[in-house]
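Presented below is the structure to which this report refers.
The values are calculated or read from the model by the stated rules, or taken from the named source; none is laboratory data. A quick note: this is a predicted structure, and the numbers were derived from the prediction, not measured. Reconstructed Cβ throughout: ideal geometry from the backbone, glycine too, with neighbour counts over all protein chains shown. When the accessible area is computed, the model is the full protein with side chains, heavy atoms only, and any ligands, DNA or RNA have been set aside. Shrake-Rupley method; radii C 1.70, N 1.55, O 1.52, S 1.80 Å.
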Amino acid sequence: MKSYDVVIIGAGAAGLMCAASAAARGRRVALLDHANKVGKKILMSGGGRCNFTNYNIESANYLSSNPHFCKSALARFTQWDFLALVDKYNLAYHEKTLGQLFCDNKAKDILSILLTECEQHGVDIVTQCAIASVHKIEAPEHRYQLESSMGPWRCQSLVIATGGLSIPTMGATGFGYDIAKQFGLSIKPRAATLVPFTFKEELLRLAQSLAGVSLPVTVDCRQQRFAEALLFTHRGISGPAVLQISNYWHPDDAIVIDFLPGQSLEPLLRQWRDSGEKAGLTKRLSQYLPKRFIQAWFEFHAQQSTLETPVAQLSNTDIERLSELLHRWRVIPTGTEGYRTAEVTRGGINTDEVSSKTFEAKKAPGLYFIGEVLDVTGWLGGFNFQWAWASGYCAAQAL
């Protein structure tokens, strides 16, 4: 029987932060994971450079059925607190865009910091340890017992940091939700998010003809708007703007895309026409859009002949039609690529069931839930990592 003050299940970002922070407070901590190595999502994130936080962290960057739940943790452990840890190890990093911070070298630099903190404070990290069951017990110094592939474990405090359902090939499972249900906590509907959209039939053929083309856009859905890049793929559309709006999208919702953000095409076309412009639209629009996009776009909308028409001969109806197609293209995605490629899971354990300060389950003293397993989802750009750091740290202060 292995006995600890704290057992943490899940050695991802939240679990590692919680383990290091709790051990620093003098707790005997075991960190268990069923995978063969820890921090897999850290290593693959940000194209291998880990987008570990953002300069502009605010509660408005997070989705939850209770939008106020995340405020306490984000205020108690801020992006500046994590940057202080990064600076302690002289890690080189840079801002990419919109406050997003990446390692200059590799994501393993972030993982190395967390592992060093765990080692310095005596955390026992055990991999390839599959948990078979969790039970509440009545013992003098322990409240929970775990049965595992490496035998039984007992602890006073049990922390579930197993993440959501995204990227099952990296080891994601529904374990955390199962434990929550076992102890009477309710679960909010879950969905894959920060995920590319898929198309079918004619829309799919359009996307495939443009696969690899990227351009700046704005995307709107459910009164939310993001202005970043869109990428056409062999399955549909992706890119930062699409991943961001997927946080808000629900099946059968339409999204509206502006392919010329910051421009106003209608007066521009009228100006060209009134000046007697003899060139066709391809030449003029290629100043603003990739030629490959222009050709495929107009062909898809049966407007190929319009490309060859001198701009001076465009009618008012032509101009209005072109402006509508490029500024306000309304499309209903078939779906998403699902958990296979989703960066996070939207929804999860009902935050009304958990303390926003300590992350302890209200119905099960000594049982804590942190990170992605909760109904808190951040935007793309380091926000989900900051939630992992904050929730892990704050839970550790209560252990």
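Results, tabulated for the structure shown:
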item	result
Heavy atoms of residue 325: accessible area, 1.4 Å probe, square angstrom to 10	20 Å²
More than 16 angstrom apart: percent of Cα pairs within region 137-183	53 percent
Region 251-288 and region 60-123: distance between their alpha carbon centers, rounded to Å	41 Å
Of 288, 347, 326, farthest towards positive along the dipole that unit charges on Lys, Arg, Asp, Glu beta carbons give region 209-349	288
Accessible surface of region 1-159 [probe 1.4 Å, protein heavy atoms]: carbon and sulfur percent	48 percent
Rounded FRET efficiency, nearest 0.05, which uses the C-beta distance separating residue 89 from residue 66 and R0 of 30 Å	0.30
Cα gyration tensor, region 112-167 - rounded (a/c under 1.5), prolate or oblate	oblate
Nearest-0.05 FRET efficiency for residue 59 and residue 2, computed from C-beta distance (R0 25 Å)	0.05
Per residue convex hull volume, Cα atoms of region 235-350, in Å³	127 Å³
Expected-Rg normalisation [2.2 N^0.38 Å, Cα atoms] applied to region 290-399	1.90
Reciprocal mean inverse distance between Cα atoms of the chain - Kirkwood radius, Å	22.9 Å
Sorted largest first, extent of region 52-171 alpha carbons per principal axis (Å)	50, 34, 32
Under 12 Å, Cβ to Cβ, from residue 310 - net charge with Lys/Arg +1 and Asp/Glu -1	+1
Residue range of the chain that is longest and free of GluC sites (Glu not before Pro) which are both DSSP loop and sparsely packed (at most 13 other C-beta within 10 Å)	142-399
Cα principal axis extents for region 280-348, largest first, Å	56, 22, 19
List 142, 234, 135, ordered by accessible area with a 1.4 Å probe, largest first	234, 135, 142
Translational diffusion of region 32-74, µm² s⁻¹ [Kirkwood Rh, Cα pairs; Stokes-Einstein; 25 °C; 0.890 mPa s]	189 µm²/s
For region 170-326, convex hull of alpha carbons as volume per residue, Å³	132 Å³
Simple Cβ-charge dipole of the chain, Lys/Arg +1 and Asp/Glu -1, about Cα centre, in debye nearest 20	340 debye
Inter-probe distance in nm under a simple model that places probes 7 Å from Cα toward Cβ, at residue 325 and residue 205	1.6 nm
Per-selection metrics, region 168-243 (Cα): Rg and Dmax in Å	17.0, 51
Mean shadow area of region 2-72 over all directions, Cα convex hull, nm²	7.0 nm²
For region 155-164, 3J(HN,Hα) per residue [Karplus equation, 6.51 cos²θ - 1.76 cosθ + 1.60, θ = phi - 60°, Hz, x = Gly/Pro]	7, 7, 10, 10, 10, 9, 10, 8, x, x
Rounded accessible area per residue of the chain, 1.4 Å, Å²	42 Å²
Average silhouette area of region 224-289, convex hull of alpha-carbon atoms, in square nanometres	6.0 nm²
